[in-house]
Amino acid sequence: MSDAQMLRELRTKLCPWLMAGLEQLERAVDADRLGHAWLLTGPRGIGKINLALVLAERILTPALRATRPAALSAAEAARAIVLRHTPFDHHPDLHWIYPEEDKRTISVEQIRAVTAQLGLKAYRGPAKVVIIEPAEAMTSSAANALLKTLEEPTAGTYLLLVSHQPGRLPATIRSRCQTLVLRRPAAALAGWLGPEGAHRGPTKHWEPLQLMAEQDKELERNISDMDEKLNLIYKKELDPQLVADQWLKLDLDALLGALAGCLQQVIRARFLTEDSNPITDLPLARLHNVASGLTLRALFRQLRAAEGLRDEIGRGTNVDLALRVLLMGFVRGTT
């Protein structure tokens with residue numbers, strides 16, 4: 001199989017555990033409710049670029065949405081992983097931005113070049129799609145150059161930002177994107193890989209994925225524990241400092257990201273109308289006490305604090321103190 005054929009598989013077939021995410025996004029497309037900018041996040045190796053490429057292909061070729069994409073096999077993915085940045089023939093209205101060879105960042109020149117293209121008429125239809133991957137590789141100048149497009153998008157333009165570490169993105173970028181957090185069910189992964197040797201791909205590719213499946217389960221347990229503890233803090237039945245001490249030993253970036261997502265849902269529910277967005281208006285399954293008890297002003301304050309602390313991780317900030325202040329903000333009676 002040639003490089004071009006391998007990459008075509010990555011654009012037209014999808015890892016099984018990403019199918020639900022694609023279906024949610026396509027419901028929004030069909031309802032003409034897909035936002036112009038999406039932040040696709042999740043662990044490295046989960047298949048975010050696969051979802052972005054498949055979604056882009058189906059936005060640019062609407063006829064494809066009449067059928068469900070075939071499942072990408074482990075063998076196909078193994079071949080495509082190494083070769084996906086090889087130059088290939090793709091839709092002229094798809095722009096895929098990633099660090100240039102021998103570089104680790106996405107430059108302001110790359111962003112300016114693609115934004116200039118967005119001002120032109122689409123070649124084959126009404127839509128244009130830009131994929132930026134990984135989005136956190138953008139330099140500060142590149143992120144600032146993208147900001148104007150996020151604030152004033154041209155008609156028919158969709159921006160898909162793929163990020164392994166969304167906390168490294170400026171808050172101004174994140175706040176202007178709708179976010180889809182991707183998690184891979186361990187059962188789906190096991191079935192996908194099949195019996196040992198069945199995928200025919202290099203084993204080294206799948207060892208990190210198997211490890212991340214276990215990490216996904218651990219993170220889900222931590223998030224459920226976070227929900228319980230925050231509700232106890234709200235009822236003044238648990239000391240915020242004890243929770244802060246525990247969180248500092250875990251994946252704080254992931255926990256703060258999950259917390260921000262929960263708070264966004266709670267805030268969005270306060271403004272929920274019958275004409276709601278089929279993607280972002282999800283059922284509230286967490287923070288039930290916090291959702292009903294804190295004022296809207298307090299919820300917005302807590303969201304800003306969670307996102308701000310996430311930005312400061314690893315930058316010399318006194319995380320312990322900032323985390324304690326954040327958690328104390330969930331105590332009942334806080335305004």
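The table below gives the values:
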| read-out | value |
| --- | --- |
| Residues of the stretch 102-136 that turn out to be over 27 Å from residue 32 (Cα atoms) and free of Cβ contacts under 8 Å to residues at least 24 places away in the same chain, as a count | 4 |
| Pairs with Cβ under 7 Å, 6+ apart, first in the stretch 158-178 and within 14 Å of residue 253 (Cβ to Cβ) and assigned by TED's automatic domain parsing to the domain that holds residue 144, second part of a strand (DSSP E or B) and among the polar types (S, T, N, Q) | 163/41; 166/41; 169/163 |
| Inter-residue pairs, beta-carbon under 6 Å, first over 19 Å from residue 153 (Cα atoms) and in the stretch 30-42, second part of a loop (DSSP other than H, G, I, E, B) and hydrophobic (A, V, I, L, M, F, W, C), 6+ apart | 42/182 |
| Any hit, the stretch 9-17, residues being part of a loop (DSSP other than H, G, I, E, B) and farther than 20 Å from residue 161 by Cα | no |
| Qualifying residue in the stretch 128-139 (condition: assigned by TED's automatic domain parsing to the domain that holds residue 178, among the small types (Gly, Ala, Ser) and surrounded by fewer than 16 Cβ atoms within 10 Å (Cβ to Cβ)) | no |
| Residues of the stretch 210-241 classified as at pLDDT below 90 and charged (D, E, K, R), total | 9 |
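The values are calculated or read from the model by the stated rules, or taken from the named source; none is laboratory data. Keep in mind that what you see is a predicted model, and the values were worked out from it rather than measured. Note that each Cβ is placed from the backbone with ideal geometry, even for glycine, and that neighbours are counted across all protein chains shown.
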